[in-house]
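To start, the structure under review is shown below, and the notes come after it.
The values are calculated or read from the model by the stated rules, or taken from the named source; none is laboratory data. Just so we're clear, the structure is a prediction, and the values are computed from it rather than from any experiment. Counting neighbours? That spans all protein chains shown, and the Cβs are built from the backbone with ideal geometry, glycine included. For the accessible areas, the whole protein counts, side chains as well, though only heavy atoms, and no ligand, DNA or RNA atoms are used. Shrake-Rupley method; radii C 1.70, N 1.55, O 1.52, S 1.80 Å.
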Amino acid sequence: MRNMRGSQHSLANTQKLTIIAQDPSVKIGGKILVAEVEVPAEELLPGPRGYRVNVIDFDTATSTLYQPAVLKPDANGLYPFELKKDVHGVVRKRPQNYDKRLLSDPTFHAQNVYAIAMRTLSHFEFALGRRVPWGSDGHQIHIAPHAFVDANAFYSRDDRAIFFGYFMGPSNKPIYTCLSHDIVAHETTHAILDGIRSRYLEPSSPDQAAFHEGFADVVALLSMFSLPDLVSQLLDLDSSGNHLISNAHLTREALRKSILLGLAEEMGLGLSKGRESALRRSVELKPGKPYMSMPEFSEAHDRGELLVAAVMNAFLDIWIARLDKIGFISRGKKNRSLVVEEGARVASHLLTMAIRAIDYCPPTDMTFGDYLSALLTIDREVVPDDTKYGYRGALLKNFKNFDIVPDADAGIDGTWKRFDKKLVYSRTHFDSMLRDKEEVFRFIWENREAFEIDERGYIEVQSVWPSIRIGPDGFTLRETVAEYVQIMTLQARELKALLKIEPPRDLPATMRIRIYGGGVLIFDEYGQIKYKIANRIEDRKRQTARLKYLWESGALDSEQKAGMRFAQLHRARMSRSE
Ligand SMILES: [Zn+2]
């Protein structure tokens with residue numbers, strides 16, 4: 001019998017699984033680019049079915065249930081589709097028909113979606129320092145890699161599932177959306193963001209709908225660029241193991257072309273047409289136009305591209321600044337692994353920051369300006385001294401280039417102001433406040449005047465999350481994030497009298513209207529309030545603008561279901577001609 005203690009100690013925390021690094025059309029030397037990614041280790045049932053993800057490969061178009069994937073190592077210790085490496089960790093040869101099997105074996109497709117979904121989830125859990133629920137009920141989400149025939153993929157809260165479609169490409173070869181890293185990471189991010197901020201799927205402002213799309217793209221792109229092997233090969237399309245890289249490949253223009261644009265150009269064959277244009281467009285957008293007020297950037301995906309452009313250009317700026325500090329080894333050449341490491345490190349830091357910022361955004365009616373202030377604030381909390389790499393400066397500059405400025409309530413440097421009003425702490429218990437919704441509600445109610453919370457309407461504490469953030473230097477920051485929402489339901493004719501909101505013209509007087517407000521309270525490790533980041537329910541200007549937008553876009557009379565919205569949004573995007 002095995003010693004229980006001993007075996008527990010020897011359990012690994014992570015395991016490596018092979019995925020397609022971008023999508024099957026991205027090849028170097030004629031071979032599909034694959035990567036090994038680390039995912040949390042677990043004993044998987046066939047499917048794979050694990051503690052957070054259940055892959056069920058049922059195809060509704062053909063009523064076929066595919067064989068479940070079994071992710072167990074073979075007699076040589078190799079996991080399915082793992083390539084054999086030599087002592088230097090270099091893959092010398094691929095088995096015959098390896099690439100063909102990646103494309104045609106449904107069990108690889110199941111492995112690919114499982115690994116990318118779990119990797120995405122673990123990025124969130126690492127960044128936030130806590131477990132993160134899916135937006136749908138239950139602990140496990142279903143993923144269907146071949147759900148239907150259509151150039152589409154979507155997350156559905158009601159079905160507790162993510163569905164991936166497939167379709168016939170040119171020369172009658174099937175194209176699978178489940179084999180595109182970006183599409184899988186993007187859809188998984190929708191499901192996770194919905195778990196952190198469930199109100200973001202409700203109709204609000206152009207920014208809020210666009211945020212779901214732009215943020216899902218940012219997470220997909222940065223998690224791809226945090227794979228060092230991938231970055232290394234894309235820089236100069238050299239996979240020979242050359243230790244040096246010519247500086248000609250490291251200029252701003254060359255990096256833009258190879259890493260971002262080059263990648264997008266490789267995605268041919270009709271696969272992820274929408275993704276391709278989103279990526280290419282967001283990198284090619286010229287800075288300095290009044291984008292946020294331009295009608296062509298009001299649709300959710302188009303507007304989301306502004307966020308992607310701002311973050312990816314900041315990524316390039318910071319990486320280039322760090323490359324300048326690496327000396328030449330021989331004439332015009334730098335150490336490849338240092339160059340790659342810096343790029344992957346910048347991508348990881350930005351990804352962690354991008355995820356943590358969600359905690360610092362209001363729970364309803366968020367704007368891009370809120371998100372920028374949240375990014376700057378959480379980074380300052382974790383990395384007080386930004387002079388070495390200048391992340392915050394690069395973000396401020398690049399967001400401004402795409403017409404996104406910090407929220408008007410933020411301080412002079414764009415960060416949220418610290419909460420400095422006097423509060424009553426003595427009537428609530430410090431210990432339970434850090435995990436108990438009832439206790440936090442009592443605290444809010446007690447202090448509603450200081451928090452400027454209107455007591456009319458419904459107030460609910462939605463979540464209380466103790467969180468631990470680990471800084472780049474190993475320093476840890478403990479915080480508790482409590483989220484409350486306020487909802488008032490009233491008739492259109494009452495808007496003016498009760499909330500001084502001017503209803504849009506032609507709005508029927510008896511139409512039932514819901515008005516939202518709410519905020520997050522950030523407690524420090526001693527249970528004291530550091531920040532209150534809120535949208536007040538009686539904010540006349542914001543509520544008037546929101547109602548006007550909803551009325552004009554037709555969202556007020558069509559109560560669409562969240563899942564349906566994604567299905568429609570994504571179909572519209574995939575089928576767009578450019
Ligand atoms: Zn989407």
Could you let me know the centre-to-centre spacing of the range 217-238 and the range 12-90, using Cα atoms, in angstrom? 19
Could you state the accessible area per residue of the range 206-401 in Å², with a 1.4 Å probe and every protein chain left in place? 34
Could you please put R456, R336 in sequence from largest to smallest accessible area, using a 1.4 Å probe? R456, R336
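All other residues with a Cβ under 14 Å from the Cβ of S463 taken together, and with Lys, Arg as +1 and Asp, Glu as -1, what is their net charge? Intermediate values should be presented prior to the final figure.
Numbers: positive: R130, R131, R197, R199, R435, K437; negative: D194, D359, D436, E438, E439, E460, E479, E483.
The answer is -2.
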Less than 14 Å apart at the alpha-carbon level, and either on another chain or at least 8 residues along: which aspartates and glutamates does that give for K100? D23
Roughly how big is the chain's charge dipole about its Cα centre, with Cβ charges of +1 (Lys, Arg) and -1 (Asp, Glu), in debye to the nearest 20? 820
Between helix 562-574 and the chain, what is the angle of the helix's C-alpha long axis to the longest principal axis, kept within 0 to 90° and rounded to the nearest 10? 50
Going by Cα centres, the range 497-526 and the range 367-443 are how many Å apart? 22
Restricting the range 451-546 to chymotrypsin sites (Phe, Trp or Tyr not before Pro) in coil, as DSSP defines it, with at most 14 other Cβ within 10 Å: F475, Y526
Step through the table entries K27/K388; K286/K532; K16/K93; K400/K532; K85/K325; K289/K548, compare each Cα-Cα distance with 27 Å, and write down the pairs that go over it. K27/K388; K286/K532; K85/K325
Out of every Cα-Cα pair in the range 341-485, what percent are more than 23 Å apart? 44
With the calculation restricted to Cα positions, what are the radius of gyration and Dmax of the chain in angstrom? 24.4, 77
What list of ³J(HN,Hα) couplings, whole Hz, do you get for the range 435-448 from phi and the Karplus terms 6.51, -1.76, 1.60, once you set θ to phi - 60° and write x for glycine and proline? 8, 10, 5, 4, 5, 5, 4, 4, 4, 5, 4, 4, 10, 4
Grab the DSSP H runs of the chain that are 4 residues or longer, score each as -39,500 (n - 2.57), total them, divide by all residues and round the 222 nm result to the nearest 500 deg cm²/dmol. -12000 deg cm²/dmol
Under a 1.4 angstrom probe, counting protein chains only, how are K334, K84 ranked by accessible area, largest first? K84, K334
Counting only protein heavy atoms and leaving out ligands, DNA and RNA, the solvent-accessible surface of K421 at a 1.4 Å probe, in Å² to the nearest 10, equals 100
Assigned charges on the beta-carbon of Lys, Arg, Asp, Glu; the range 206-401 dipole about Cα centre (debye): 780
Normalised by the residues of the chain, what does the relative contact order come to in percent, with Cα pairs under 8 Å and at least six apart? 13
Helix 181-196 versus the longest principal axis of the chain: what angle, 0 to 90°, nearest 10, using Cα atoms? 30
Enter the angle in degrees (range 0 to 90, nearest 10) between the Cα long axis of helix 106-128 and the first principal axis of the Cα atoms of the chain, meaning the one along which they spread out most. 50
Which of the lysines could a cross-linker span from K530 if the Cα-Cα distance has to be under 22 Å and same-chain partners fewer than 8 positions apart are dropped? K417, K421, K422, K437
Rounded to the nearest 20 Debye, what is the dipole magnitude of the range 369-420 about its Cα centre when Lys and Arg each give +1 and Asp and Glu each give -1 at the C-beta? 200
From the Cα centre of the range 283-326 to that of the range 328-351, the distance in Å is 22
Accessible surface of the chain [probe 1.4 Å, protein heavy atoms]: carbon and sulfur percent: 52
Listed residue (P406, A185, Y531) projecting farthest to the positive dipole end of the chain, Cβ model: A185
